[in-house]
Amino acid sequence: IRLEWDLNWPLKLQYATFLVESVKCGGILSSPSGNISSPNFPGLYPYNIDCTWLIVVAEGSSVLLTFHHFELEYHATCAYDYIKIYNGISEDEGNLLGTFCGDISPPQFTSSWNVMSIIFHSDRHVAHRGFSVGYRKGSTALSALV
């Protein structure tokens with residue numbers, strides 16, 4: 001955060017502007033394998049951030065997702081800081097596999113097709129170390145077996 005002040009004599013505050021440098025996170029990942037982590041991991045993640053990752057592997061394959069570290073603010077309904085995992089694109093709530101927070105790692109997930117989405121959200125209070133998750137291309141998508 002950088003503060004800019006405009007002071008005139010006799011020391012009268014005219015305005016203060018808060019310029020928050022944006023944290024870059026999220027994106028489209030198309031490698032057959034890779035890792036995703038919260039911004040600043042293993043340090044504390046920033047407040048008030050929303051990140052979306054779309055994982056796309058080769059058509060006919062599945063996505064395997066495995067968490068290596070997980071430490072977010074806990075709330076009984078994950079109302080504050082959370083990760084949402086989708087079997088496909090995140091715009092379709094019918095594809096939601098789960099919403100997770102706290103310090104218990106989500107289970108391993110395998111997508112039904114070649115796309116999986118992860119959304120990370122943090123609120124304005126309380127930050128933890130965040131998460132680290134690996135993904136890799138599976139051999140055959142479940143929908144291809146039907």
| note | Apart from one, (1) in contact with a Leu (Cβ under 7 Å, 6 or more places away or on another chain); (2) modelled with pLDDT of 95 or more all hold for PHE18; the odd one out is (2)
| Answer residue from the stretch 80-100, given it is charged (D, E, K, R) and closer than 12 Å to MET116 by Cα and is modelled with the highest pLDDT among those | LYS84
| Are there any pairs with C-beta distances below 6 angstrom linking a residue in the stretch 47-76 that is over 23 Å from SER33 (Cα atoms) to a residue that is of a type in the set (Ser, Thr, Tyr) and open to solvent by 50 Å² or more (accessible area, probe 1.4 Å), with the two at least 6 apart or on different chains, and if so which? | GLU73/TYR80
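So that you can scan it fast, the table gives a plain yes or no per residue for (1) among the β-branched types (Val, Ile, Thr); (2) within 16 Å of THR140 (Cα to Cα); (3) out of contact with any Cys (no Cβ under 7 Å at 6 or more places or on another chain); (4) open to solvent by less than 50 Å² (accessible area, probe 1.4 Å):
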residue: ILE55; (1), (2), (3), (4): yes, yes, yes, yes
residue: SER62; (1), (2), (3), (4): no, yes, yes, yes
residue: LEU65; (1), (2), (3), (4): no, yes, yes, yes
residue: HIS69; (1), (2), (3), (4): no, no, yes, yes
residue: LEU72; (1), (2), (3), (4): no, no, no, yes
residue: ILE83; (1), (2), (3), (4): yes, no, yes, yes
residue: GLY88; (1), (2), (3), (4): no, yes, yes, yes
residue: ASN95; (1), (2), (3), (4): no, no, yes, yes
residue: PHE100; (1), (2), (3), (4): no, no, no, yes
| remark: Result of the Cβ filter at 6 Å on the stretch 117-146, keeping first residues that are under 22 Å from ASP92 (Cβ atoms) and partners that are of a type in the set (A, V, I, L, M) and at pLDDT below 95, at least 6 apart or interchain, is SER117/ILE89
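The values are calculated or read from the model by the stated rules, or taken from the named source; none is laboratory data. What you see is a predicted model, and the numbers here were worked out from it, not measured in a lab. A quick note on method: Cβ atoms are made from the backbone with ideal geometry, for glycine too, and the neighbour counts reach across all protein chains shown. Ligands, DNA and RNA are excluded from the accessible area calculation, which covers all protein heavy atoms including side chains. Shrake-Rupley method; radii C 1.70, N 1.55, O 1.52, S 1.80 Å.
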